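Values quoted throughout were computed directly from the atomic coordinates according to the rules given, and no laboratory measurement underlies them. What you see is a predicted model; the values in this text were computed from it and never measured. Cβ placement follows ideal geometry from the backbone for every residue including glycine, while neighbour counts extend to all protein chains displayed.
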Amino acid sequence: MLRVGHRAGRDPRLTTHLALTARAFGAERMLLHPPDPDLATRVAAVGARWGGHFEVVGAPDWKRAVREFDGTVAHLTMYGLPLERVRPELRRARRLLIVVGGAKVPPDLYRLSTHNVAVGHQPHSEVAALAITLTTILGVPGPAALPGARQRVVPRRRGKRVVETRERP
Ligand code: SAM
């Protein structure tokens, strides 16, 4: 996925949540415009504990990232076509770049994207839009630990239990 319009120092928590959501719901990487190496390091630390291969990569030129992407580009915007309508094409895509904006969205993004996709036509959040789009394409994430995880959650009705990945529940 590509996050456009990150404001380093102003909304680190929101973009961090976006990265963690992308990771947990099955995305491979986040391209981040403008780049924020501190955020990338924090997200990498989560991956070191909880596994997977997700990475945050700086994208100094977002237009170039979109133009050079070899696949389908789905820009999430409340003004686009309904997700339900575009879903078959997104599921068929060999490679998919999901793009979300920030407080302001550059107008060129609408033109450069293969699809402009709405998750409902009310304003809400890039985190919600991303989570619902990934779930619609990939399904709800299962309980299995990601490859290389040092620890995993043992699901419980109450309380919290986390074990080393080699430990039995
Ligand atoms: N005012 C901005 C605009 O011009 O579209 C929207 C800002 S919104 C807080 C940030 C991002 O959340 C948007 O760029 C979009 O990616 C996502 N988003 C918010 N509502 C959405 C919706 N209903 N459908 C799809 N994406 C949405």
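Normalised by the residues of the stretch 1-93, what does the relative contact order come to in percent, with Cα pairs under 8 Å and at least six apart?
25 percent
State the answer as a single residue: which of THR136, LEU109, GLY51 lies farthest towards the positive end of the charge dipole of the stretch 2-143, with beta carbon charges of +1 for Lys and Arg and -1 for Asp and Glu, about the Cα centre.
The residue sitting farthest along the positive end of the dipole is THR136.
Which three extents, in angstrom, do the Cα atoms of the chain have along their principal axes, listed largest first?
52, 34, 29
With a 10 Å radius around each residue's Cβ, average the other Cβ atoms per peptide and rank 144-155, 38-49, highest first. If you can, show how the numbers build up before the last one.
Numbers: 144-155: 13.2, 38-49: 14.8.
Going by the mean number of other Cβ atoms within 10 Å, highest first, we get 38-49, 144-155.
Which value, in debye to the nearest 20, describes the size of the charge dipole of the chain about its Cα centre when Lys and Arg Cβ atoms bear +1, Asp and Glu Cβ atoms bear -1, and nothing else is charged?
Working: 28 positive and 14 negative charges, 152 e Å.
I would put it at about 720 debye.
Explain nothing, just the number: relative contact order of the chain, from Cα pairs under 8 Å at least 6 residues apart, as a whole percent. Walk me through the numbers before you get to the answer.
Working: 294 pairs, mean separation 44.9, N = 169.
With pairs under 8 Å counted, the relative contact order is 27 percent.
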